[in-house]
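Notes to accompany the following structure.
The values are calculated or read from the model by the stated rules, or taken from the named source; none is laboratory data. In this text the structure is predicted, and so the values were computed from the model without any measurement. All Cβ positions, even for glycine, are placed from backbone atoms using ideal geometry, and neighbour counts span all protein chains on display.
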Amino acid sequence: MIEDAEVRLAEDVRVLPAEGTWTHFIVDTHAHLDHEDFDPDREAVIERARQNGVRIILAVGYDIQSSERAVEFAGRYEGVYAVIGIHPHDAKDAPDDAIDRIRTLASHQKVVAVGEIGLDYHYDLSPRDVQRSVFISQLRLARELGLPVVIHDREAHGDVMEILKGEGVPGGGLSGRYGVLHCFSGSLEMARECIKMGFYISFGGPVTFKNARRPKEVAAAVPQDRLLVETDCPYLAPTPHRGERNEPAFVRYVVEELAHLRGTSFEDIASVTTQNAIRVFGIPFSP
Ligand code: NI
């Protein structure tokens, strides 16, 4: 595994611009920094992100342990913030006191959202009723804490929308920071509905895939003030790294693709998505 990582790193160094040539500020709003794929070189991954203008990374948990790790990384690394919660895949294994433990973790000042939470009817790794109840209790927790949410929705668009509507808008309802549909895969109509409810729409590697007709269509149409970028690393590496380990530095390919789809510049997308991320997650930042 370590050998593999070294091979990929050598390639990465070749394709990325040299240090200092990439001065734009980008926020990777969704990175699983705790993943074991990053164990051999996590510090180098974070440093490479920084050198490529990715100055803020949101480390996203999917269960209690990974949420604790996300908070640990946020404490350790400048520019890293934590998103904590129980993923639908892990809903079935959530301990009875999961909500209390997330509430306690959320008192850390670099926790910026509850996530990733939601429904996944593609893999169905947890029974659907368990997914729904864990999702709902975390939406309620987010509202109690005044935090936005990061939502995972895979082939569960109907139920996600019904729950969001039934629960009222979650998260920072008081502050208008509702949350994010991460790695958005729904229709333009669903995107519009979410935007109307106050949500932001985030795009990752799949929007760069050649055959991704629908994500490209939605990414071209989302209003500028609701657009976000992410990697979801180590998964879903964008073209031209499709199939490799993904990492925060690669978010630039998503920015490039959005610029292309929307007929604007890289700098424009970088700046707009950074301002949006800072706004929705309440990240303290002054350029
Ligand atoms: Ni994720």
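Can you name every residue in region 184-196 that is within 14 Å of the ligand (Cβ to nearest atom), at pLDDT 90 or above and surrounded by fewer than 24 Cβ atoms within 10 Å (Cβ to Cβ)? Working first, answer last.
Pass one, region 184-196, residues within 14 Å of the ligand (Cβ to nearest atom): 184-185.
Next cut, at pLDDT 90 or above only: 184.
Selection gives nothing.
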Task: region 92-108, residues that are of a type in the set (Ser, Thr, Tyr) and either surrounded by 11 or more Cβ atoms within 10 Å (Cβ to Cβ) or part of a helix (DSSP H, G or I) (or both) - done: 104
Open item on the list: All but one of (1) aromatic (Phe, Trp, Tyr); (2) within 16 Å of the ligand (Cβ to nearest atom); (3) modelled with pLDDT under 90 hold for residue 22; state the number of the condition that does not hold.
Closed with: (2)
TODO: Name the residue, out of 68, 72, that is free of Cβ contacts under 8 Å to residues at least 12 places away in the same chain and assigned to a helix (DSSP H, G or I).
DONE: 72
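Looking only at residues in region 113-155 that are in a loop (DSSP other than H, G, I, E, B) and touching a residue at least 40 places away in the same chain (Cβ under 8 Å), which one is farthest from the chain's Cα centre (by Cα)?
Restricting attention to region 113-155, the residues satisfying the condition of being in a loop (DSSP other than H, G, I, E, B) are 121-127, 146-148, 155.
Of the ones still in play, those that are also touching a residue at least 40 places away in the same chain (Cβ under 8 Å) are 147-148.
Working: 147: 15, 148: 12 Å.
The qualifying residue farthest from the chain's Cα centre (by Cα) is 147.
If you take the residues in region 44-65 that are assigned to a helix (DSSP H, G or I) and surrounded by fewer than 23 Cβ atoms within 10 Å (Cβ to Cβ), which one is farthest from the ligand (Cβ to nearest atom)?
Within region 44-65, the subset assigned to a helix (DSSP H, G or I) is 44-51, 64-65.
From what's left, surrounded by fewer than 23 Cβ atoms within 10 Å (Cβ to Cβ): 44, 47-48, 50-51, 64-65.
Numbers: 44: 21, 47: 22, 48: 20, 50: 21, 51: 24, 64: 16, 65: 15 Å.
Here the residue is 51.
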TODO: Could you look through region 24-43, keep only residues that are among the hydrophobic types (A, V, I, L, M, F, W, C) and more than 15 Å from the chain's Cα centre (by Cα), and pick out the one that is surrounded by the fewest Cβ atoms within 10 Å (Cβ to Cβ)?
DONE: 25
TODO: Kindly establish whether residue 273 is polar (S, T, N, Q) and buried (at least 17 other Cβ atoms within 10 Å of the Cβ).
DONE: yes
Task: Count of residues meeting criterion [within 18 Å of the chain's Cα centre (by Cα), more than 16 Å from the ligand (Cβ to nearest atom) and without any contact (Cβ under 8 Å) to a residue 40 or more places away in the chain] in region 210-235 - done: 2
Open item on the list: Suppose we filter 31, 74, 59, 44 for residues that are at pLDDT 95 or above, in contact with a Leu (Cβ under 8 Å, 6 or more places away or on another chain) and farther than 25 Å from residue 131 by Cα; which single one remains?
Closed with: 44
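Kindly indicate which of 199, 250 is under 23 Å from residue 121 (Cα atoms) and either at pLDDT below 95 or among the aromatic types (Phe, Trp, Tyr) (or both). Working first, answer last.
Values: 250 fails: under 23 Å from residue 121 (Cα atoms).
After ruling out the rest, the residue left standing is 199.
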